[in-house]
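Taking it in order: structure first as C-alpha cells, then the write-up.
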Amino acid sequence: MKPFPEHRIRLLNRKEIRTDGGYVLYWMTANRRLHYNFALQRAVQWARSLGKPLLILEALRCDTRWASDRSHAFLLQGMNQHRRELEGSAVGYFPFVEKKPGEGKGLLQHLANHAATVIADDSPAFIFPAMLKRAASLCPVPLEAVDSCGLVPLQAPNKAFHRAVDFRRYCQKELEGHLQLRPLRRPLPGSGLPPFKRLPAGTRKRWPQATAGLLSAKTTNLQSLPLDHEVTPLPAIGGEKEARKRWRRFMKQDLDHYGEPNKHLLEEVHSGLSPYLHFGHLSSHEIIQDLYRRAGGFPDSFPTANRGSVHGWWGLPEAWERFLDQVITWRELGFQFHHRFENAESYESVPVWARRSLAKHQKDRRSALYSLETLEAAETGSKLWNAMQRQLITEGRIHGYLRMLWGKQLLAWFQEPEQAFEALVHLNNRFALDGRDPNSYSGISWCFGRFDRPWGPERPIYGNVRYMNEAGAGRKFHLAPYLDRFV
Ligand SMILES: Cc1cc2nc3c(=O)[nH]c(=O)nc-3n(C[C@H](O)[C@H](O)[C@H](O)COP(=O)(O)OP(=O)(O)OC[C@H]3O[C@@H](n4cnc5c(N)ncnc54)[C@H](O)[C@@H]3O)c2cc1C
C-alpha cells in the first residue's frame, strides 16, 4: 500500500481479515464526502490490496438527540448526491434511513459479517465514540477508525491544549510535517476495483434501501419520520457539491474582507461553512489546497515564525490568515480537546478557576430568571436576545459576534451555571444547523471560561469570567436593522 498517515488510523479490535469476504466495507458516518476523505482513501487502498470490491454504507438514524427536519433534510440531500454520483459506478452504495427508532439495528453487523474488513470515520464527539466502541465488538473482522477531521491528526500531539495560542504554536511547528501526506482529491478510482455486484442476501428485505423520494428530503417525507418537526428545513442545501460551491464563492467574493470591522450586522462577511464542515461535506484540506492554489502554489515550507501569532505564518494575505485561524486553529482546538477529554460535553470541562469563580457568585441576585420554554420561544425581557434567538430559529445560525453575547447572557438568567450550560447546549444543538459538533461545546464552554483566562475586575454573577453586554454590542454595531429584521 502507498504511505498513509499512521496517526490517522485507530485499529479498534483484534480480528482477522476474512480473505473470503465479499467486499471491503466503508461505514460513512461523520465525514460524509467522496473527496479529500482519508477514511474512504484507506478503504480503497484495502480494496485494491485485497482485490475486493468496495461497498459504502451511509446510514441515518432517527433517534439521535435533537434530530430534526432541519438536520435530516441537510443530511439527506448529501446522501442523495452520493446516490446519484455512485450510480452505475463500480462502487456499491447503500443509503439507509431509519423510519422508526432502532430500525437500523444489526445492519452494520450484517454487512460486516460478509466483509473482508471494515473502515469507519473517526470522530471524537456526540454519538460517534460510543458507536465505534460498540461496532468494534460486533464486527467479526478488523474495524479501523480513520480520522479525516482536520489538518492535524487527532492522535498526533502528545499533549492537551487549553488555549488557542498553544495549539497555534504547535501547528506552526508541526503542521508542515502533517501536510506532507495530504488526502487525495478523489480517492475513488475511475476503474481498477472489481465491480461491486450485490448486497448479501436478505439485506434489502430487512433494511430497505432509502428511496430516491425519501432522499430528496421533501417536507412530506420528513413529516413521516419521528423527528422534531418544529425545527424546519432551511434554504441551504446539504451535500458536497453545495459545500464546494459555497466555499469557492466565498473565496472569490468575500475572503479578502474577512474579519474587517463592519458595523452592519446584516452584512456580516462570513463563510457559512460550519454546517458543511460539521457534517463532513467539506474538508479543511480542500480549503487550504484551494487557497494555496489561488496564491500560486502549495509552499514547500511555511515561514518559520513560531510565536503563536495569527499572522505572518501561512504566508498569505492577512484576511486569509484570519480565516485560516478560525477554520484551522479554533476549529481543530475543539476537536483536539474533545479527543482528549471524555467530559468535553459537560460543565465539568470548564476550567477550575472559572467554575470556582462562577460558584462564588452563584447566589448573586439575577434581574430575571427564565425557563427553557421562554428562552426557546424568544420571549425574554431583552429585545436583542430575543432577536438573536429568532435568527437561530429561522436561519439556524447567529451572527458570529452575537453568538457569544447570546451564550454569555444565560449566566445572568439562571441561578446555577450548570443549568445555564445545559440550557445553552439544548438551544444551540436543537436549532443550529452546525450544532452537535465539537465546536458547539467549544463555543458554549468558552462562554463559561474554557480556552480563556480570568478577567478583572471581578463582577457580579460572572466573577472573573469574561463579561459581554448589550451596551458593548451597541457600540460595535448598528443594532436597529438587525432588531427590525428579527423582532
Ligand atoms: C455559544 C456558541 C456556540 C457555538 N456553537 C457552534 C456550533 O454548534 N458549531 C460550530 O461549528 N461552531 C459553533 N460556534 C463557533 C462559531 O460561532 C461558528 O463556528 C461560526 O459562527 C460559524 O459560522 P461560519 O461558518 O460563517 O464561520 P466563519 O466565520 O466563516 O468561520 C469559518 C469556520 O471557522 C470555524 N470557526 C469560526 N469561529 C469559530 C470558533 N469560535 N470556534 C471554533 N471554530 C470556529 C468554523 O468551522 C467556521 O465554519 C459557537 C460559538 C459560540 C460562542
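The values are calculated or read from the model by the stated rules, or taken from the named source; none is laboratory data. Here the structure is a predicted model, which is why all the values come from computation and not from measurement. Glycine gets a Cβ as well: all are built from the backbone with ideal geometry, and neighbour counts include every protein chain shown. Side chains included, ligands, DNA and RNA excluded: accessible areas come from the protein's heavy atoms. Shrake-Rupley method; radii C 1.70, N 1.55, O 1.52, S 1.80 Å.
Name the one entry in ALA243, ALA295 that is buried (at least 20 other Cβ atoms within 10 Å of the Cβ) and either at pLDDT 95 or above or not polar (S, T, N, Q) (or both).
Among ALA243, ALA295, only ALA243 is buried (at least 20 other Cβ atoms within 10 Å of the Cβ) and either at pLDDT 95 or above or not polar (S, T, N, Q) (or both).
For VAL24, only one of the following conditions fails: (1) touching a Phe, Trp or Tyr at 6+ places or on another chain (Cβ under 8 Å); (2) part of a helix (DSSP H, G or I). What is its number?
With (1) touching a Phe, Trp or Tyr at 6+ places or on another chain (Cβ under 8 Å); (2) part of a helix (DSSP H, G or I) applied to VAL24, the lone miss is (2).
Pairs under 7 Å by beta carbon, first residue open to solvent by less than 50 Å² (accessible area, probe 1.4 Å) in the stretch 467-487, partner among the polar types (S, T, N, Q), six or more apart or different chains?
Hits for this filter: PHE486/GLN391.
Can you name the residue in the stretch 200-220 that is surrounded by 19 or more Cβ atoms within 10 Å (Cβ to Cβ) and farther than 15 Å from GLU87 by Cα and, of all such residues, is nearest to the chain's Cα centre (by Cα)? Spell out how you get there, then give the answer.
Just the residues of the stretch 200-220 that are surrounded by 19 or more Cβ atoms within 10 Å (Cβ to Cβ), to begin with: 207, 210, 214-215, 217.
Pick out the ones that are also farther than 15 Å from GLU87 by Cα and you get 207, 214, 217.
On the way: TRP207: 27, LEU214: 24, ALA217: 21 Å.
If we take residues in the stretch 200-220 being surrounded by 19 or more Cβ atoms within 10 Å (Cβ to Cβ) and farther than 15 Å from GLU87 by Cα, then ALA217 is nearest to the chain's Cα centre (by Cα).
Considering GLY190, GLY238, which residue is touching a Gly at 6+ places or on another chain (Cβ under 6 Å) and of a type in the set (Gly, Ala, Ser)?
Working: GLY190 fails: touching a Gly at 6+ places or on another chain (Cβ under 6 Å).
Answer to the selection: GLY238.
Collect the residues in the stretch 37-52 that are assigned to a loop (DSSP other than H, G, I, E, B) and open to solvent by less than 10 Å² (accessible area, probe 1.4 Å), keeping them in residue-number order.
Initially, the stretch 37-52 is screened for residues assigned to a loop (DSSP other than H, G, I, E, B), giving 37, 51-52.
Within the stretch 37-52, just ASN37 meets the criteria.
Any residue that is farther than 22 Å from ALA30 by Cα, open to solvent by 20 Å² or more (accessible area, probe 1.4 Å) and not hydroxyl-bearing (Ser, Thr, Tyr) - is there at least one of those in the stretch 426-441?
No, because not a single residue in the stretch 426-441 is farther than 22 Å from ALA30 by Cα, open to solvent by 20 Å² or more (accessible area, probe 1.4 Å) and not hydroxyl-bearing (Ser, Thr, Tyr).
Looking at LEU410, is it within 11 Å of the ligand (Cβ to nearest atom), aliphatic (A, V, I, L, M) and over 30 Å from GLY238 (Cα atoms)?
Details: within 11 Å of the ligand (Cβ to nearest atom): yes; aliphatic (A, V, I, L, M): yes; over 30 Å from GLY238 (Cα atoms): yes.
Considered against the rule, which asks whether it is within 11 Å of the ligand (Cβ to nearest atom), aliphatic (A, V, I, L, M) and over 30 Å from GLY238 (Cα atoms), LEU410 comes out as yes.
In the stretch 143-178, how many residues are among the aliphatic types (A, V, I, L, M), surrounded by fewer than 19 Cβ atoms within 10 Å (Cβ to Cβ) and in contact with a His (Cβ under 6 Å, 6 or more places away or on another chain)?
The total comes to 1.
Failed condition for LEU358, given (1) out of contact with any Pro (no Cβ under 6 Å at 6 or more places or on another chain); (2) over 18 Å from ASN428 (Cα atoms), with all others met?
Only one criterion is unmet by LEU358, namely (1).
Can you pull out every residue in the stretch 201-247 that is of a type in the set (Val, Ile, Thr) and within 12 Å of VAL97 (Cα to Cα)? Lay out the reasoning, then the answer.
Within the stretch 201-247, the first condition is being of a type in the set (Val, Ile, Thr), and the residues that meet it are 203, 211, 219-220, 231-232, 237.
THR211 - this is the single residue of the stretch 201-247 that is of a type in the set (Val, Ile, Thr) and within 12 Å of VAL97 (Cα to Cα).
Collect the residues in the stretch 55-114 that are open to solvent by 40 Å² or more (accessible area, probe 1.4 Å), closer than 18 Å to LEU199 by Cβ and under 23 Å from the mean Cα position of the chain (by Cα), keeping them in residue-number order.
Matches in the stretch 55-114: ARG83 only.
I'm checking my understanding of the structure. Among residues of the stretch 415-439 that are within 20 Å of ALA73 (Cα to Cα) and of a type in the set (S, T, N, Q), which one is nearest to the ligand (Cβ to nearest atom)?
Among those residues, the one meeting the criterion is ASN428.
Can you give me the number of residues within the stretch 328-378 that are aromatic (Phe, Trp, Tyr) and assigned to a loop (DSSP other than H, G, I, E, B)? Before the answer, list the steps.
To start, the set of residues in the stretch 328-378 that are aromatic (Phe, Trp, Tyr) comprises 330, 335, 337, 341, 347, 353, 370.
Narrowing the set further to residues that are assigned to a loop (DSSP other than H, G, I, E, B) leaves 341, 370.
Here the count works out to 2.
Got at least one residue in the stretch 145-160 being assigned to a strand (DSSP E or B) and among the charged types (D, E, K, R)?
To start, the set of residues in the stretch 145-160 that are assigned to a strand (DSSP E or B) comprises 145-147.
This time we only want the ones that are among the charged types (D, E, K, R), so: 147.
Yes; the residues of the stretch 145-160 include at least one that is assigned to a strand (DSSP E or B) and among the charged types (D, E, K, R).
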